[in-house]
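The block underneath contains the structure these notes are about, expressed in structure tokens.
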Amino acid sequence: MNTNYVIHLFIILIAGFSLLAFSMCEDFQDLTGEIHDDHTAELLTPLPGTEFDNGCSDKSDAIQWDFDWSDVPGAVRYQLCILHEGSQYLLVDAIVTVSEYSYRAAGAYITDGNRSNWSWMVRAGTPFAWETWSEIHYFDVEPLDTDCRRINAER
């Protein structure tokens, strides 16, 4: 076999994998399909309309959000994207090897003006390709300082 051919094939394979591995959630806002098959993750929690934890304005309480989705046969990784509507930046663009994710932000909080219209979606990855994105689920965040009242009352 020609050595140059083998080297070129190796470079093409490495370059192709790099493109897959570094793929971002660029199509997050453009997703409109609701395709469900064995290779599309089903979003389990939070359910649409859930109101998630918020922090405290005095930074005494962390934000803790937990996400869970179905295992996809053959998947070796999952990509999770979390976005606030109107933001140009993703809050989370994570690649994980299990079908769950916990977002924790110590000392953080979300202002009341940004509490609504958060969304998340997941896609599974096999060793060679990314599968179809899940449907998008939406959630809101509880009012600022909701937990702080309870935490301060317990002290």
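The values are calculated or read from the model by the stated rules, or taken from the named source; none is laboratory data. Treat the numbers as computed from the prediction; the structure is a model and nothing was measured. Don't worry about glycine lacking a Cβ; one is built from the backbone with ideal geometry, like all the others, and counts go over all protein chains shown. Only protein heavy atoms, including side chains, enter the accessible area calculation; ligands, DNA and RNA are left aside. Shrake-Rupley method; radii C 1.70, N 1.55, O 1.52, S 1.80 Å.
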Here is a check on your reading of the model: is Thr97 of a type in the set (S, T, N, Q) and closer than 12 Å to Ser119 by Cα?
no
Any chance Ile82 is farther than 18 Å from Pro46 by Cα and either in a strand (DSSP E or B) or of a type in the set (A, V, I, L, M) (or both):
no
Cβ contacts < 9 Å: first residue of a type in the set (Gly, Ala, Ser), restricted to segment 87-112; second residue in a loop (DSSP other than H, G, I, E, B) and open to solvent by 70 Å² or more (accessible area, probe 1.4 Å), any location; separation 6+ or different chain. Result?
Ser99/Asp71; Ala106/Lys59; Gly107/Lys59; Ala108/Lys59
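Could you please give the count of residues in segment 116-144 that are in contact with an Asp or Glu (Cβ under 8 Å, 6 or more places away or on another chain) and not polar (S, T, N, Q)?
Restricting attention to segment 116-144, the residues satisfying the condition of being in contact with an Asp or Glu (Cβ under 8 Å, 6 or more places away or on another chain) are 116-119, 121, 123-125, 132-135, 139-144.
Next, only the ones that are not polar (S, T, N, Q) stay: 118, 121, 123-125, 133, 135, 139-144.
Summing the residues that are in contact with an Asp or Glu (Cβ under 8 Å, 6 or more places away or on another chain) and not polar (S, T, N, Q) in segment 116-144 gives 13.
Conditions (1) open to solvent by less than 60 Å² (accessible area, probe 1.4 Å); (2) modelled with pLDDT under 95, marked per residue:
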residue: Phe22; (1), (2): no, yes
residue: Phe28; (1), (2): yes, yes
residue: Ile35; (1), (2): no, yes
residue: Ala41; (1), (2): yes, no
residue: Thr45; (1), (2): no, no
residue: Pro48; (1), (2): no, yes
residue: Lys59; (1), (2): no, yes
residue: Ala62; (1), (2): yes, yes
residue: Trp65; (1), (2): yes, no
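For the structure I just gave you, tell me whether Thr97 is at pLDDT below 95 and among the β-branched types (Val, Ile, Thr).
On the way: at pLDDT below 95: no; among the β-branched types (Val, Ile, Thr): yes.
Taking the combined requirement at face value, the residue does not satisfy it.
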Quick one: would you say Ser57 is over 20 Å from His137 (Cα atoms) and touching a residue at least 24 places away in the same chain (Cβ under 8 Å)?
yes
Considering residues that are open to solvent by 20 Å² or more (accessible area, probe 1.4 Å), outside any strand (DSSP E or B) and within 19 Å of Leu47 (Cα to Cα), the number found within segment 128-144 is 4
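Name the residues in segment 111-133 that are farther than 18 Å from His39 by Cα, of a type outside the set (S, T, N, Q) and under 18 Å from the mean Cα position of the chain (by Cα), would you?
So the first thing to find is which residues in segment 111-133 are farther than 18 Å from His39 by Cα, and the list is 111-119.
Pick out the ones that are also of a type outside the set (S, T, N, Q) and you get 112-113, 115, 118.
Arg115, Trp118, listed by residue number.
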Quick one: which of Ala94, Ala108 is touching a strand residue (DSSP E or B) at 6+ places or on another chain (Cβ under 7 Å) and within 17 Å of Leu43 (Cβ to Cβ)?
Ala94
Considering only residues of segment 93-109 that are assigned to a loop (DSSP other than H, G, I, E, B) and within 18 Å of the chain's Cα centre (by Cα), which is surrounded by the most Cβ atoms within 10 Å (Cβ to Cβ)?
Ser99
